[in-house]
1. Can you tell which of 165, 177, 13 shows the greatest fluctuation in a Gaussian network model of the chain with Cα springs below 10 Å?
2. Which whole number of Å³ per residue matches the convex hull of the alpha-carbon atoms in segment 135-202?
3. Can you give the FRET efficiency to the nearest 0.05 for residue 184 and residue 118, using r as the Cβ-Cβ distance and R₀ = 51 Å?
4. At 0.692 mPa s and 37 °C, plugging the Kirkwood radius over alpha-carbon pairs of segment 211-263 into Stokes-Einstein gives what diffusion coefficient in µm²/s?
5. Once you have the Cα-Cα distance between residue 44 and residue 162, take 0.36 nm times their residue separation minus that, and quote the gain in nm to one decimal.
6. Over the alpha-carbon set of segment 97-169, divide Rg by the Kirkwood Rh and report the Rg/Rh ratio to two decimals.
7. Using just the helices of the chain, give the 222 nm mean residue ellipticity in deg cm²/dmol: DSSP H runs with n ≥ 4 each add -39,500 (n - 2.57), and the total is spread over all residues, rounded to 500.
8. With N set to the number of residues, divide the alpha-carbon radius of gyration of the chain by 2.2 N^0.38 Å and report two decimals.
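We did not get these values from a lab; they are worked out from the coordinates using the rules stated. Just so it is clear, the structure is predicted and the values come from calculations on it, not from any experiment. A quick note on method: Cβ atoms are made from the backbone with ideal geometry, for glycine too, and the neighbour counts reach across all protein chains shown.
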Ligand code: ADP
């Protein structure tokens, strides 16, 4: 039987992600472009993952889009919600996963997943930047580092400089004044990671955790936040091997299901 190629796009607020799948399982191309919906990011991620897969666009049987910008991506054959894409993605790769926490650039979602990979229940914070990647981006800018470097600074910390403000804007002023006092930077970064973790943990607790707990999204790449979350929740978290690509992967799996079922 001929191979079936499907492509999933996750058009986030901060980054555009694309995954090319072979026969619904194997990732043969992927791309993460740090420019989100409404920019050139979606098109660049689309072209880059196809190029990495080494196939021609005409060989792709289905393109499914998800994420914040999913409705404005013209090449898409189908669109699905981010929650469905994430639940399906994590279930396909980790069938044992029962709860999933996804923290992206502008929201945090926690969901429980049924045995068939369907979404059972969820809670979302898309109203407040605290507890999302945006909080980390704001703080990285103040510290004059790349958001990806926060985890390295956290790893060097020997203390935690706690951030008392829960609002991003006030927390930013607090960090600026701590810096002016010459505070220990790794300790401050650990406090910043702990602040995001505390917000996300309260969302998880409100929904209720069914173990095992998995984590996806760009913020899952920040080991400082993951460690602080484990401490806050008192349980082990498994970070998905494809972290930030899970939504795009789930969209490509969904497209494969449609093609394989002849729909
Ligand atoms: P969205 O889908 O909303 O665009 P993502 O799931 O792509 O969001 O996550 C974006 C967030 O991921 C950023 O706000 C940042 O906090 C975090 N991030 C991105 N790259 C890295 C990295 N290399 N290391 C740690 N965190 C990262």
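1. Highest fluctuation of the listed residues: 177.
2. 78
3. On the way: r = 46 Å, r/R0 = 0.91.
Once the sixth-power term is evaluated, E becomes 0.65.
4. On the way: Rh = 12.5 Å.
Diffusion coefficient, whole number: 262 µm²/s.
5. On the way: separation 118, 0.36 × 118 = 42.48 nm, distance 3.93 nm.
Full-extension gain reported as 38.6 nm.
6. That ratio is 1.08, to two decimals.
7. Dividing the helical sum by the residues of the chain leaves -12500 deg cm²/dmol.
8. So the Cα radius of gyration is 1.03 times the expected 2.2 N^0.38 Å.
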